[in-house]
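Visitor: The structure under discussion is supplied below as structure tokens; questions concerning it will follow.
Each reported figure results from applying straightforward, stated rules to the coordinates on display, with no laboratory input. Just so it is clear, the model here is predicted, and its values are computed rather than measured. With ideal geometry, Cβ positions are generated from the backbone for all residues, glycine too; neighbour counts draw on all protein chains shown.
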Amino acid sequence: MNTDNKNKSNNNNKPAPKFNLSADQSFEFSLKLKKADIKKLYQQIINQASQTIKIDGFRPGKAPANIVESKIDLSKVYEQIIQQLLPPIYSQFIEKNKLKPILQPKILLENPPLNTEKDWQFKVMSCQKPILKLKKYQDELKKINKRYQKGDNKQLHIQAILNLLAQQSELKLPQILIDTEINHRLSQLVNNVSKAGLKLDQYFKNNKTSLEKYKQEVEIDLYKKWKIDLALDKIASDNKIKVDKTELDKTIASTPNGQQRKAFIEYILIQQKTIEFLQKNK
């Protein structure tokens, strides 16, 4: 929900009291915008528009509302109302229910069409970080470390450890997370393919694959990535692996826009230290 909130939400806009949280950590709930708040903001927007729209026979701000309305795109007005009124109610609901979404919410209108003579009801969907179950991996890890104990192929050693963590991890990704990643990668692929002067179906045909196979490959890759990341997170937490402040500050200083990326840099450093910790496991 990428909007800037300039209007404070009305106290009448209270968040819905219930939500559904699934085992895969996806959740959904309903939010309502009250008709009174919609009408109030709608009138403000129309009044502002009347100051800038040129209408023959009327001075700025003096044209009747119905004439102003006929000159503007009401769908954009409705969009502006949603962008201003919905985010604070969403944030209030998230905070009240102690939810920790990792995605921008998907929002669906439940009672179309939009007009100013009724409440607007929305279904909101997102998800929290998935929950991982990490099975026993220590015995196999020792075998891997023994196999690579000479240190002559560090990258293969690391990859073997990461593959082990993926194999020993169980998790269920929420469908909204999978769909979001597929759409993101498809968007990037379409952009790259178009730069090469091709259409997506031509690309798939040339590579002897299909859209469905591509989606399946993205999902498989996504599962592996999340399993490895969450496994490393759990191992780091269980073994209290942290980054020294001096090392963190030094890395931030040597990284472009380092201060703005502090959390990400710390996360990467902890992952690196966790891998090193696993490599030393005898």
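Visitor: Does any residue in segment 111-135 that is without any contact (Cβ under 8 Å) to a residue 40 or more places away in the chain and within 30 Å of Leu165 (Cα to Cα) come within less than 9 Å, Cβ to Cβ, of a residue that is surrounded by 15 or more Cβ atoms within 10 Å (Cβ to Cβ) and among the polar types (S, T, N, Q) six or more places away or on a different chain, and which pairs are these?
Guide: Once the first residue is without any contact (Cβ under 8 Å) to a residue 40 or more places away in the chain and within 30 Å of Leu165 (Cα to Cα) and sits in segment 111-135, its partners that are surrounded by 15 or more Cβ atoms within 10 Å (Cβ to Cβ) and among the polar types (S, T, N, Q) give Lys133/Ser169; Lys135/Gln168; Lys135/Ser169.
Visitor: Ok, one more. Can you say whether Pro130 is surrounded by 17 or more Cβ atoms within 10 Å (Cβ to Cβ) and touching a Phe, Trp or Tyr at 6+ places or on another chain (Cβ under 8 Å), as far as the supplied structure shows?
Guide: It is true that Pro130 is surrounded by 17 or more Cβ atoms within 10 Å (Cβ to Cβ) and touching a Phe, Trp or Tyr at 6+ places or on another chain (Cβ under 8 Å).
Visitor: Let me ask something else about it. Can you tell me which residue within segment 27-46, out of those that are of a type outside the set (Asp, Glu) and part of a strand (DSSP E or B), is farthest from Asn111 (Cα to Cα)?
Guide: Ranking the qualifying residues of segment 27-46, first place goes to Phe27.
Visitor: Can you tell me how many residues within segment 49-92 are part of a helix (DSSP H, G or I) and within 22 Å of Gln121 (Cα to Cα)?
Guide: 19
Visitor: Can you tell me which residues in segment 143-168 are farther than 23 Å from Trp226 by Cα and surrounded by fewer than 15 Cβ atoms within 10 Å (Cβ to Cβ)?
Guide: Scanning segment 143-168 gives Lys143, Lys146, Arg147, Gln149, Lys150, Gly151, Asp152, Asn153.
Visitor: Something else now. Any residue in segment 55-75 that is among the basic types (Lys, Arg) and within 16 Å of Ile38 (Cα to Cα)?
Guide: Within segment 55-75 (the criterion being among the basic types (Lys, Arg) and within 16 Å of Ile38 (Cα to Cα)), the answer is no, since none of the residues qualifies.
Visitor: Kindly provide the set of residues from segment 93-120 that are assigned to a loop (DSSP other than H, G, I, E, B) and within 25 Å of Leu177 (Cα to Cα), ordered by number.
Guide: Correct list: Asn97, Lys98, Leu99, Lys100, Pro101, Ile102, Leu103, Gln104, Pro105, Glu110.
Visitor: So, of the residues in segment 212-237 that are touching a residue at least 12 places away in the same chain (Cβ under 8 Å) and over 20 Å from the mean Cα position of the chain (by Cα), which turns out to be farthest from Lys135 (Cα to Cα)?
Guide: For segment 212-237, the residue satisfying everything is Tyr214.
Visitor: I've got another one for you. Just name the residue that is surrounded by the most Cβ atoms within 10 Å (Cβ to Cβ) out of those in segment 20-68 that are within 39 Å of the chain's Cα centre (by Cα) and acidic (Asp, Glu).
Guide: Asp37
Visitor: Could you check, for segment 196-213, whether at least one of its residues is under 30 Å from Leu21 (Cβ atoms) and of a type in the set (A, V, I, L, M, F, W, C)?
Guide: no
Visitor: Considering only residues of segment 240-272 that are loosely packed, with under 13 Cβ neighbours inside 10 Å and among the small types (Gly, Ala, Ser), which is nearest to Asp229 (Cα to Cα)?
Guide: Ala263
Visitor: Sticking with this structure for a sec: Against the condition among the aromatic types (Phe, Trp, Tyr), over 30 Å from Phe27 (Cβ atoms), without any contact (Cβ under 8 Å) to a residue 60 or more places away in the chain and surrounded by 11 or more Cβ atoms within 10 Å (Cβ to Cβ), how does Tyr203 come out, does it pass?
Guide: Spelling it out, Tyr203 is indeed among the aromatic types (Phe, Trp, Tyr), over 30 Å from Phe27 (Cβ atoms), without any contact (Cβ under 8 Å) to a residue 60 or more places away in the chain and surrounded by 11 or more Cβ atoms within 10 Å (Cβ to Cβ).
Visitor: On to the next question. Condition check: of a type outside the set (A, V, I, L, M, F, W, C) and in contact (Cβ under 8 Å) with a residue 40 or more places away in the chain. Does Pro105 satisfy that?
Guide: Spelling it out, Pro105 is indeed of a type outside the set (A, V, I, L, M, F, W, C) and in contact (Cβ under 8 Å) with a residue 40 or more places away in the chain.
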